[in-house]
1. Quick one: accessible area per residue over the range 357-446, 1.4 Å probe, rounded to a whole number of Å²?
2. Could you compute the FRET efficiency for Asp382 and Ser118, with r as their C-beta to C-beta distance and R0 at 56 Å, rounded to 0.05?
3. Provide, as a two-decimal number, the C-alpha radius of gyration of the range 1-115 over 2.2 N^0.38 Å, N being how many residues it has.
4. Compute the accessible area per residue over the range 1-136, keeping the other protein chains in place, probe 1.4 Å, unit Å².
5. Grab the eigenvalues of the alpha-carbon gyration tensor for the range 311-458, scale each by 5, take roots, and send me the semi-axes largest first in whole angstrom.
6. Rank-order 75-88, 276-289, 358-371 by packing density, defined as the average count of other C-beta atoms within 10 Å over each peptide's residues, highest first.
7. At what distance in nm do the modelled label points of Lys11 and Ala443 sit from each other, each positioned 7 Å from its Cα along Cα→Cβ?
8. Select from Trp432, Pro350, Thr407 the residue farthest towards the positive end of the dipole of the range 341-458; place +1 on Cβ of Lys and Arg, -1 on Cβ of Asp and Glu, and compute about the Cα centre.
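The values are calculated or read from the model by the stated rules, or taken from the named source; none is laboratory data. Keep in mind that this is a model prediction, so the values were computed, not measured. Ideal geometry is used to build each Cβ from the backbone, glycine not excepted, and the neighbour counts take in all protein chains shown. Protein only, heavy atoms only, side chains kept; ligands, DNA and RNA dropped before computing areas. Shrake-Rupley method; radii C 1.70, N 1.55, O 1.52, S 1.80 Å.
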Amino acid sequence: MNDQTLKLLEKALTASPGDWETRAHLIDAHLAAGRPQRAAELLKAAPEIPDTEADALRKARVEMETAPAEAQLTLERVLTRNKACAQAYLLLAKIFHKRGLREEARKKYGAATIIDESLHDEELEAWLGDSQPPSPPKAAPPTAAPPVAADGVDDPPVGILAQEAAPLPDIIAGPEAPKITFDDIGGMTEVIERIRMNIIYPFKNPEVFKKFNKKSGGGILMYGPPGCGKTHIARATAGECGAAFMTIAITDILSKWLGESEQRLHQFFETARRRTPAVIFIDEMDAIGVSRSDASSAMAPLVNVLLTELDGITGKNENLMVLAATNTPWRVDDALRRPGRFDRVLFVPPPDAPAREAILKICLRDLPVEKVDLGKIVKMTDRFSGADLRAIVERASERAIFQEMRTGQAGKLTQAMLMEALKETRPSTNEWLETARSYAAYANRTGLYDELVAFFEK
């Protein structure tokens, strides 16, 4: 775009500042011409930015050049809405590249190229070159456990042929034993009781459940808006059982090499089976278990391996508890909800009033606090997530710290500080709830979203 065209577009934008299409063309042109500061000025001056994925990615591209931390937050919000956005993973890889974080960049770039096989970035590939495997495996991954030799020592995984097995994600090497229990969770009584009945009671009382042919172990899929405690519940479940807790996300699994993603997933389950009792927590289930009708040619085999592992065909799943979380259950493959896999689907809603009060007490319990009226805050925080409530306390704490640093006297959290922090915070669940309302109204033929319907009818 030549300078004359740019001047005409700038003039048109001055006359009509709300014309986003013209503003977007100008932002792209200035970015392409190596003028990120001018692009940032145009973005900042926009009366409103359309709430679309393409425009969020455009915003992130500008922020990458002027405010990388903000760009990372923007891209994480994009991935909250669409876990399969290859461009978001690619931009995150570039951000980590600029920060010199090779391993994080490798994971994000691997996710981008798996989701969209046409994506390539020569600069990133050259930088990551010495951290990639020397050559891609040639064979497909096993759908059964690796063969065991007569001496009881595992043979090399057949999917890797003569090469070393792909390295497992770091988290597998050292599963944690969580110290938190359900006592550390505010509210969510109904969700917790269902987890007790389906996972914890069979685990702690095997002789009772054995009479009814009920084994310990199983799978539960939790869904709901982000920040409402799904990961915390999974960790507390492991703490209640005294089990190892192993968590995995899509970036720990995906690899650009043929068959390696499936092999990593299989190895992960095998490691968990050797360390039972164990709780596997699959975060972002809609990314790993995406509906095969929507999956790319590279992702569909990963879903098939996950189905096989959950069925226990490759090994015994007794005392292996699998919990998963997703913000978008409508993107999860239907086969994963078959009995014997994730046969329990639980809605984890924004905390109700008693739960919000309990969460605030937990957040405040180790802090220097003056007497506060939590009831007043609870009434003003309808549909706030647990993460939103924690943010209120953290912002109020910043005010107390500032006051102590300024005056030199010991500071305390006050009601006024909490109320000021509340005014700056908006519930992060609203966008998710508006999307979910449509699915509850028009896509509930099987009764999957009955809990969601009941929530909206309250």
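1. Averaged over the residues of the range 357-446, the accessible area is 63 Å².
2. 0.80
3. 1.14
4. Using a 1.4 Å probe on heavy atoms only, each residue of the range 1-136 averages 54 Å².
5. Over the Cα atoms of the range 311-458, the ellipsoid semi-axes are 40, 20, 12 Å.
6. Going from most to least packed, we get 276-289, 75-88, 358-371.
7. With each label point 7 Å from Cα toward Cβ, the separation is 4.8 nm.
8. Looking along the dipole axis, the top candidate is Thr407.
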